Amino acid sequence: ITKFAFILIMVFLFRKKIRNVYEYILIGAAVGIGFTLPEEFGYGEETQASLFRLMTLAGHMVYGIIMGKHLGIARYNKLNEKPRFLQYVLSLLIPILLHSLYDACTSGNLMILSEDSALQDQGINFGLIAVGVHFIAQFIILYLVKKNTQKYCDMVLLQEAAENKAAPESEQN
């Protein structure tokens, strides 16, 4: 929720300069990285756990990207008189669910604290699987954003940017 609020603040501050949905995505990524840094320093753990945390370092950035993308699409839909409520819901729901599932499998995994070694081993394996899935998911999400960059850039939010896009190339130069 705090990351979401910071993205909204940044969007508000730069609202007259944001040209397209892709720039919402960039704002989300920047805010996400901003959340990663204090969290990684704040959760300073033993070396072994820190190595696993490196694998998910881009997690908050990816959550911010998801938030920014859906907020940008909501803004685009508003300007084009299309439904936008679902985009607002997705901008919060997807990152919260992904982060909650990850936390439940790792830092909130009570099996790891069990005195039963078999249960503890299962908890550790469960956590390792979650780290691996999260690691791969980061790259998939980044790949999908990169693949659709042109689409997000074409979702123009400023009238001036739309006019430049529509003008012949000779007029733009």
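Couple of notes before you dig in:
- The calculated FRET efficiency for the pair LEU101 and LYS16, based on their C-beta separation and a Förster distance of 30 Å, comes to about 0.20.
- The magnitude of the dipole of segment 6-140, with charges of +1 and -1 set on the Cβ of Lys/Arg and Asp/Glu and taken from the Cα centre, is near 1360 debye.
- Segment ASN80-TYR143, extension gain: residue separation times 0.36 nm, minus the distance between their alpha carbons: 20.0 nm
- What the Cβ-Cβ distance of LEU158 and THR2 gives, at R0 = 25 Å and to the nearest 0.05, is a FRET efficiency of 0.35.
- Restraint check, LYS16/LYS78; LYS78/LYS147; LYS78/LYS146; LYS17/LYS147; LYS69/LYS146; LYS17/LYS78, Cα-Cα greater than 22 Å: LYS78/LYS147; LYS78/LYS146; LYS17/LYS147
- Within the assembled protein chains, the solvent-accessible surface assigned to ASP121 is about 90 Å², based on a 1.4 Å probe.
- Note on GLU23: accessible area approximately 40 square angstrom, rounded to 10, probe 1.4 Å, nucleic acids and ligands left out.
The values are calculated or read from the model by the stated rules, or taken from the named source; none is laboratory data. Being a predicted model, the structure only gives us computed values, none of them experimental. Cβ sites come from the backbone with ideal geometry, for glycine too, and all protein chains shown count toward neighbours. Please note that ligands, DNA and RNA were not included when accessible areas were found on the heavy atoms of the full protein model with its side chains. Shrake-Rupley method; radii C 1.70, N 1.55, O 1.52, S 1.80 Å.
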